[in-house]
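Below is one structure; the comments refer to it alone.
The values are calculated or read from the model by the stated rules, or taken from the named source; none is laboratory data. A quick note: this is a predicted structure, and the numbers were derived from the prediction, not measured. All Cβ positions, even for glycine, are placed from backbone atoms using ideal geometry, and neighbour counts span all protein chains on display. Please note that ligands, DNA and RNA were not included when accessible areas were found on the heavy atoms of the full protein model with its side chains. Shrake-Rupley method; radii C 1.70, N 1.55, O 1.52, S 1.80 Å.
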Amino acid sequence: MTSIISTDILGRVRVVLSHPSHPGNIGAAARAMKTMGLSQLVLVNPKRFPDAEASARAAGADDILASAKVCTDLDEALAGSVFAVAVTARRRDLGPPSLAAREAAPVLLSHADAGPVSLLFGNETAGLSNAEVQRCQRCAHIASAPDFSSLNLGAAVQVLCYELRLSAFAGVPPTVTPTTPFSSPVATLDETERFYAHLERVMIDTGFHDPRQPKRLLPKLRRLFGRAGLERDEVNILRGILDAVERRLPR
């Protein structure tokens, strides 16, 4: 998808955890969802929920846990969804087409205009059954190392939610804490040349640089500071350091 969809569309995504056995993973999933702007958590027969460990691992995403829907079966969890994607690392002989997580995210969101969509995760130990996978229209896999593809449930939820957020904002989501641009203007050429002259003088006075055998020291320093793109404040700082060095030199 090439255009920004809408932040509201992330609210139409259900994250469905089927038979989670560890309450800490439920909390981690809630935290992962909240950091990426998703809010609908659905649990199918969780072993322990609510649970203090889930709240502790949620680390502030208590509202996601409080509003989580607990269902007795997958039919109830997917009810009303118009499209569902199963997250699984295993290749299936029969089942829906498998996409990489980055490819699956825009496919899932493209159906959210028509109604709720679901992202289905399996049990920590057994994953999703074939019957559960076949309830979905696509599979999604995370491009992990082939010899060790097992991700923690919370980590897998984080990866998919991140891909959904990227897709919803066309790859450029707003930053949480925008950087304030530095106000110092770029140093002028004459200011930079005065710095180079000052630097050369101090290097000679300290014995670091022998003008009779200059070699390539000065051109290399020019290249170094040229790459940095010195600002006026930075030139003033550097020259202040050189002034301090000169004051300590014997007269």
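When residue 151 is tested against the conditions (1) open to solvent by less than 100 Å² (accessible area, probe 1.4 Å); (2) more than 25 Å from residue 117 (Cβ to Cβ); (3) in a loop (DSSP other than H, G, I, E, B), the lone failure is (2).
Here is the figure for segment 143-173: residues that are at pLDDT 95 or above and among the β-branched types (Val, Ile, Thr) total 2.
On the given criteria, is residue 84 at pLDDT below 95 and touching a Leu at 6+ places or on another chain (Cβ under 9 Å)? Spelling it out, it is not the case that residue 84 is at pLDDT below 95 and touching a Leu at 6+ places or on another chain (Cβ under 9 Å). Filtered by the rule that a residue be outside any loop (DSSP other than H, G, I, E, B), more than 15 Å from residue 156 (Cβ to Cβ) and not aliphatic (A, V, I, L, M), segment 12-56 gives 12, 14, 23, 34, 40, 53, 55.
Assess whether residue 135 counts as being surrounded by 15 or more Cβ atoms within 10 Å (Cβ to Cβ), in contact (Cβ under 8 Å) with a residue 40 or more places away in the chain, assigned to a loop (DSSP other than H, G, I, E, B) and of a type in the set (Lys, Arg). Spelling it out, residue 135 is indeed surrounded by 15 or more Cβ atoms within 10 Å (Cβ to Cβ), in contact (Cβ under 8 Å) with a residue 40 or more places away in the chain, assigned to a loop (DSSP other than H, G, I, E, B) and of a type in the set (Lys, Arg). Of all residues in segment 179-187, none satisfies being in a helix (DSSP H, G or I) and either of a type in the set (A, V, I, L, M, F, W, C) or in contact with an Asp or Glu (Cβ under 9 Å, 6 or more places away or on another chain) (or both). Among the criteria (1) open to solvent by less than 30 Å² (accessible area, probe 1.4 Å); (2) closer than 12 Å to residue 139 by Cβ; (3) not β-branched (Val, Ile, Thr), the one residue 92 does not fulfil is (1). Going by the conditions given, is residue 212 of a type in the set (Lys, Arg) and in a helix (DSSP H, G or I)? For residue 212, the condition - of a type in the set (Lys, Arg) and in a helix (DSSP H, G or I) - is not met.
When residue 217 is tested against (1) modelled with pLDDT of 95 or more; (2) touching a His at 6+ places or on another chain (Cβ under 8 Å), only condition (1) is not met. Of all residue pairs spaced 6 or more apart or on separate chains, those with beta-carbon atoms under 8 Å, a first member in segment 238-251 that is basic (Lys, Arg) and a second member that is open to solvent by 70 Å² or more (accessible area, probe 1.4 Å) are 239/194. Of the residues screened, residue 70 is one that is outside any helix (DSSP H, G or I), surrounded by fewer than 22 Cβ atoms within 10 Å (Cβ to Cβ), of a type in the set (Val, Ile, Thr) and in contact (Cβ under 8 Å) with a residue 12 or more places away in the chain.
Within segment 227-251, which residues are open to solvent by less than 90 Å² (accessible area, probe 1.4 Å), among the aliphatic types (A, V, I, L, M) and part of a helix (DSSP H, G or I)? 228, 235, 238, 242, 244, 245, listed by residue number. Applying the criterion of being among the hydroxyl-bearing types (Ser, Thr, Tyr) and either touching a residue at least 40 places away in the same chain (Cβ under 8 Å) or over 24 Å from residue 251 (Cα atoms) (or both) to the residues of segment 190-226, the residue that is least open to solvent (accessible area, probe 1.4 Å) is 192.
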